[in-house]
1. For the stretch 171-181, does any single residue satisfy the condition of being within 12 Å of the ligand (Cβ to nearest atom), at positive phi and touching a strand residue (DSSP E or B) at 6+ places or on another chain (Cβ under 8 Å)?
2. Which one is farthest from the chain's Cα centre (by Cα), of the residues in the stretch 100-120 that are among the hydroxyl-bearing types (Ser, Thr, Tyr) and either under 20 Å from PHE157 (Cβ atoms) or modelled with pLDDT under 95 (or both)?
3. Look through GLU89, GLU65, GLU74 and report the one residue that is buried (at least 18 other Cβ atoms within 10 Å of the Cβ) and either out of contact with any helix residue (DSSP H, G or I) (no Cβ under 8 Å at 6 or more places or on another chain) or of a type in the set (Gly, Ala, Ser) (or both).
4. Give me the residue from the stretch 77-86 that is within 16 Å of the ligand (Cβ to nearest atom) and open to solvent by 10 Å² or more (accessible area, probe 1.4 Å) and, out of that set, nearest to PRO206 (Cα to Cα).
5. Please work out if LEU368 is touching a helix residue (DSSP H, G or I) at 6+ places or on another chain (Cβ under 9 Å), under 28 Å from LEU15 (Cβ atoms), at pLDDT 90 or above and assigned by TED's automatic domain parsing to the domain that holds GLY314.
6. Hey, can you tell me all the residues within the stretch 207-220 that are away from the ligand (no atom under 16 Å from the Cβ) and closer than 30 Å to ALA11 by Cα?
7. If I filter the stretch 185-196 for residues that are of a type in the set (Asp, Glu), away from the ligand (no atom under 11 Å from the Cβ) and not in a loop (DSSP other than H, G, I, E, B), do I get at least one hit?
8. When you check LYS167 against the structure, is it within 13 Å of the ligand (Cβ to nearest atom) and either assigned by TED's automatic domain parsing to the domain that holds TYR31 or within 16 Å of the chain's Cα centre (by Cα) (or both), yes or no?
Amino acid sequence: MSEPAYFDNNATTALAPEVLEAMMPYLSTLYANPSSASRLGAQVKDAVSEARASVAGLLGCRTSELVFTSGATESNHMAILGALALAPEKRHLITSNVEHPSIMLLCRDLELTGIEVTYLPVDTDGRIDLGQLTESIRPDTALISLMWANNETGVLFPIEEAAAIAKFRRVLFHTDATQAVGKVRLNMLESAVDLLSCSGHKLHGPKGIGALILRKGVALPPLIYGHQERGRRGGTENVPAIIGFGAAARLFGDLDAQIAYLNGLRNQLEQGVLALVPEAIVHGLAAERLPNTSNIAFNMIESEELLHRLEQQGITAATGAACAAGGSRPSHVLSAMSLRREAIVSSLRFSLSRYNRREEVAQLLVVLQGLIQAGKASTTTDSALVSCAH
Ligand code: PMP
């Protein structure tokens, strides 16, 4: 069996050693409450401020615009529920058909309470139509919420253009940028985005920490009451996680180099797979995509089967593409792209990080080649590579 290789970084990333090191004191001796008037409390408060400045630096926003939350799921809820609470007479939301469940499920539930939601469709490459967005805006639209980068396909939405349309029509604009942060250059100060969600554990920080950026002047009511975060998010700060988030943000100082590195790895992976499996299809190929994500329909083996065989060889990928994790329903993202069922149920997602190496991608290709040869050699009753007839 080969060395383990982890290609599931859109699900979560490894904690960076620098991040762990930065967090350690706050898990042991520096345990004071940052709201406490004690000397130790002040020291912790300063460290939280420093972390806030680091995350704000990565996002190009003011520190006063950043609210720490428990993760992007909470940030998304705060943005949507906050926008609706801000203007109770506005009962319409616009989002897309391919959002993360933290947006989709909330919107579906809001519909039961009488909120109307327009779900923008996507084309076969996962792209929205900005003309359709413009046409969907109504006088009672409370918020437009569109993800920056899709977690399953890596397809990027034209967020700056969409936010400019929203600004022109005086509608609040939120983006779930969870997968974009650290992989796309963002600058809140130069953008028309009003609200942005992100998460620590997608960029080598700890789990259970995220942020909502609220552009200056956008005063949403809190989801969780309390005096912390200037009254915008109550609850004693998750200090070790905040410190870790800050340290993680500082890993992305050379963002352009990291984007170029990931692009190179992803191209190696895609070119290699397409050479081995000519019937494979890379989803979203015609769209702008994240540099780290490749979602591929193999078309000649079911994704669950391939995932299992790769796992046996120490390679971790995801069927996030094919089935909702743990469930057997086909991906709502690939379904929304109107792909053939055969393509949907044979898709695997490979998502890379700064810690992946060219040798690991080469190893994946060797393993795939072995599986293909084994499939060709085996009988039809015990085939590694079966056609997706169902
Ligand atoms: N949005 C997107 C696009 C995501 O990929 C994720 C994580 N899978 C989330 C939101 C939720 O993030 P968190 O785990 O921080 O709640």
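The values are calculated or read from the model by the stated rules, or taken from the named source; none is laboratory data. Computed from a predicted structure; not experimentally measured. We place every Cβ from the backbone using ideal geometry, glycine too, and count neighbours over all the protein chains shown. Protein only, heavy atoms only, side chains kept; ligands, DNA and RNA dropped before computing areas. Shrake-Rupley method; radii C 1.70, N 1.55, O 1.52, S 1.80 Å.
1. no
2. Per the stated criteria, the residue is THR118.
3. Testing whether each residue is buried (at least 18 other Cβ atoms within 10 Å of the Cβ) and either out of contact with any helix residue (DSSP H, G or I) (no Cβ under 8 Å at 6 or more places or on another chain) or of a type in the set (Gly, Ala, Ser) (or both) leaves just GLU74.
4. HIS77
5. no
6. LEU214, ARG215, LEU220
7. Yes, the stretch 185-196 contains a residue that is of a type in the set (Asp, Glu), away from the ligand (no atom under 11 Å from the Cβ) and not in a loop (DSSP other than H, G, I, E, B).
8. For LYS167, the condition - within 13 Å of the ligand (Cβ to nearest atom) and either assigned by TED's automatic domain parsing to the domain that holds TYR31 or within 16 Å of the chain's Cα centre (by Cα) (or both) - is not met.
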